Each structure stands twice: as C-alpha cells, then as structure tokens.
Amino acid sequence: MKIHGRHYRTIWVAADGWSVEVIDQTKLPFAFETKRLASAEEAAEAIKSMVVRGAPLIGATGAYGLCMALRVDASDEALERAYEMLVKTRPTAINLKWALDEMVAAVRNQPKDRRVAAAYARAAKLCDDDVATNEAIGRHGLTLIEAVAAKKGHVNVLTHCNAGWLACVDWGTALAPIYMAHDKGIPIHVWVDETRPRNQGGSLTAYELGAHGVKHAIIADNAGGHYMQHGEVDLCIVGTDRTTASGDVANKIGTYLKALAAHDNRVPFYVALPSSTIDWTIADGVNEIEIEERSGREITHVQGRTPKGEVMTVELTAPGSPARNPAFDVTPARLVTGLITERGVAAASREGLLKLFPERRS
Ligand code: MRU
C-alpha cells in the first residue's frame, strides 16, 4: 500500500542483500520510520517489542530472522537455537510457528553451503504468497460488501485491532475487502475500535485507512454495541491470530465482546484469515490456545503526543493499582458468521473449513 505516494510492503530485504528493513510500528501514527534488523536476535526483539506485529507479519519477520541466523552459522544446532528463540517471542499467533516450520522444511535437507540461499528464497516466497493470499481474501470479502451495497447503497463496517496491511506484508486480511470496495467506488465507512490497551485501531488502522482515503471514525471499544443497536453497523470484519480446526477464533482482546453484541443484534460477524492462521491440531479454542499475557504497564500507561509535538508516555490510572493484561480472547465458532479465506468464505466449523481445504481431511 502507499504512504506519501510511495508503495511499501511492511518488510523487505535491505540494499545490502541480507538484512531486512521494517516499518517501526511503535512510532506510528506520529512518525513513519523504518528500522533495519541485522540479526536473528534483532528480529526476535522487534517481534517482542511490537516494532512489528500482526500475525502474518510476525511470521515473515521470524522467517527472515532464521535466514540471518543461518548466515552466521548454517549448522543444525544453530538452526534449532534460532527457531527456539524466535518461536517463543509471541505465543498466540500461530503464523509464527507455521512460518518457522516452513523455513526449517526448506533448508533441513540442503547441504550447509546452500542453506542460506534456500532460506532467503523461501522467506521471499513466503512474503509474496502472503500478498497474493490477502489479495484473494480481499476479493472474497468484497462480494459480502457488494451484497450490502446492492441493498443499501452504502456500507458501514466495524473492525477491531489492526488487521490491515501493517499487520501483514501487504493488503491486510480484514481490511483487504474494504480497500477493494473503496477502490471500486463503493461508499464505505469503517468504525475503528480504538483497541485498548495498545490502541492498534486508533493508531494503526486509522492511520492506514486515512492514508488510503477510506472514510472512517475511531470509536471507544465500548461503543460498538450501541452502533449495532441503532442499525449503524452492516458487517463486522476482524482478523485473527489463530483459528482452530473447528472455527474458534483467537483475536485481539475485546473481539469476543464485539461478536456477542453482533449476535444479539443480528449483525453478520466475519473473520478474515489466511490458511496459515488455522491451527489444524486443536479444536477447542477457549481451552487450548495459549493467550499471551502482556505487561500491566500497557494498561496503566499510555503514549501520546503533546501540543508541542513531543511523543511521551504518561500514567493513566490510580498509582500503585495492579493491572492484568490478556492480549487476546477467543470467540467461539457459534458466534462467527463466516471465515473469509483465500479459497472462499467458509462456515466456521470443521466441515466448513474442510470443504475449502479437503487436503486436511486426513
Ligand atoms: O498484538 P498484535 O498487535 O500483534 O495483535 C495482532 C493483531 O493485529 C490482531 O489481533 C489482528 O486482528 C489479527 S492479525 C491480522
């Protein structure tokens, strides 16, 4: 997508041909800065500190982290050490493990002197595939938006967190259909949940929608139910960090409450995802998905910009009060209208997913 008229992906190989550059998402929305990652350790730190974030992008960054580890030492032991370090950085998004497993499969049987080249080739393909996958998700999601537009003439979509191009390599998952609808001239407006505590909605989703010229308004996380009751939400479309084989959806904390409100108001609730986000090994999302618990400081403190343009962090809550901060929650499949994948829209159920991914039957 474009920033200031220039096309960017969220991760690319630097001019030196081996390190990678990423957009530093901790600086958005106030500054657009890129950051160079020059080792597996720096890639791991960028994932942990959320310089890069969003399930697909975490996977892509992990893949290049392995490439850089192999450049230093192409042995099996070094590969395993780097894998372990990277896979532990963030536990909920399954794309990271998926991407690292793909990388290991691509290099494991290569002689040592070919491993680095094989790794960089696999990481590049993984990124290109992510773009193509998201474009396909966009096309399938677009049909849902077009159906509403055909009836009403305009469409209001509510989204939570950031599942746009900043969370992926390009396009985004939940936002891809929105960009396509906008580009086709469909009058579309997006309710952007601010997404406390880290405000990925208010700072990232609003930033990228604004940069593309899509009409939107940031709302408090608690406002969505109200707009649904008043007929001002036609569709919810969110992303996911891990979806089980039975269609349960882990996504940014607060997604579950939106799905409950949507169910109560008969608002269709869709989840957009690449198949790399499906964890085929588990069925019970609530009990089997590890939920990342992040620092309480994300609740008690907030970053903002002063009128003088200085970006600073301030304390927000009663000093000394403890805080808990689960980063994700699980929306049970029964609350999900459909899963928008690169192969089409599936019912949120084992059968629904297997219809689109029959090779997983075995
Ligand atoms: O903690 P984050 O910012 O890495 O959260 C991940 C997300 O961006 C969302 O949960 C998103 O909706 C799914 S990733 C496309």
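The values are calculated or read from the model by the stated rules, or taken from the named source; none is laboratory data. Because the structure is a prediction, the values reported are computed rather than measured. Every residue, glycine among them, receives a Cβ derived from its backbone with ideal geometry; neighbour counts consider all protein chains shown. Calculation scope for accessible area: heavy atoms of the full protein, side chains included, ligands and nucleic acids excluded. Shrake-Rupley method; radii C 1.70, N 1.55, O 1.52, S 1.80 Å.
In table form, for the structure just shown:
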item: Net length gained if the chain between V286 and L354 were fully extended (0.36 nm per residue, minus Cα distance); result: 22.4 nm
item: Sequence-separation-based contact order of the chain, relative, with Cα cut under 8 Å and 6+ spacing, percent; result: 15
item: Antiparallel DSSP beta bridges within region 228-362, percent to nearest 5; result: 65
item: Those residues of region 139-158 whose amide nitrogen sits under 11 Å from the label point placed on N265, 7 Å along Cα→Cβ; result: 157-158
item: Local net charge near K27, Cβ-Cβ under 13 Å (Lys/Arg +1, Asp/Glu -1); result: +1
item: Between 0 and 90°, nearest 10: helix 112-152 axis offset from the chain longest Cα axis; result: 10
item: Part-to-part distance (alpha-carbon centres) for region 269-283 and region 109-133, which is given in Å; result: 23
item: Cα-based Rg / Dmax (Å) for region 2-129; result: 14.0, 46
item: Relative contact order computed over region 165-267 (Cα-Cα under 8 Å; 6+ residues apart), in percent; result: 22
item: Mean-position separation - Cα centroids, region 66-91 and region 151-185, in angstrom; result: 34
item: Gain in span if fully extended, R36 to V314, counting 0.36 nm per residue against the direct Cα distance; result: 97.3 nm
item: Charge context of V131, other residues only, Cβ under 14 angstrom, K/R +1, D/E -1; result: -3
item: Estimated [θ] at 222 nm from DSSP helical runs (n ≥ 4, -39500 (n - 2.57)) normalised by residues in the chain, nearest 500; result: -12000 deg cm²/dmol
item: Accessible-area ranking of I23, I94, I253, largest first, probe 1.4 Å; result: I253, I94, I23
item: Computed FRET value (nearest 0.05) for E84 with A117, which takes r as the C-beta separation and R₀ as 22 Å; result: 0.40
item: Residue of P29, P322, P274 that the Gaussian network model of the chain assigns the largest fluctuation, springs spanning Cα pairs under 10 Å; result: P322
item: Hydrodynamic radius of region 136-361 per Kirkwood, over alpha carbon pairs, in Å; result: 17.9
item: Equivalent-ellipsoid semi-axes of region 283-324, from the Cα gyration tensor, Å, largest first; result: 32, 15, 6
item: Cα-based Kirkwood hydrodynamic radius, region 265-362, one decimal, Å; result: 17.0
item: 0 to 90° range, to nearest 10: angle between helix 94-107 axis and the chain longest Cα axis; result: 30
item: Tilt relative to the chain, helix 76-87 - C-alpha long axis, 0 to 90 degrees, to 10; result: 20
item: Förster radius 51 Å - calculated FRET efficiency between A347 and D76, Cβ distance, rounded to 0.05; result: 0.75
item: Region 56-132: mean projected area of Cα convex hull, nm²; result: 4.4
item: Loop trypsin sites (Lys or Arg not before Pro), region 1-31, which have at most 16 other Cβ atoms in a 10 Å radius of their Cβ (DSSP); result: K27
item: Surrounding net charge for V157, when Lys and Arg each add one and Asp and Glu each subtract one, Cβ distance under 14 Å; result: -1
item: Region 136-361 - share of DSSP beta bridges that are antiparallel (%, nearest 5); result: 45
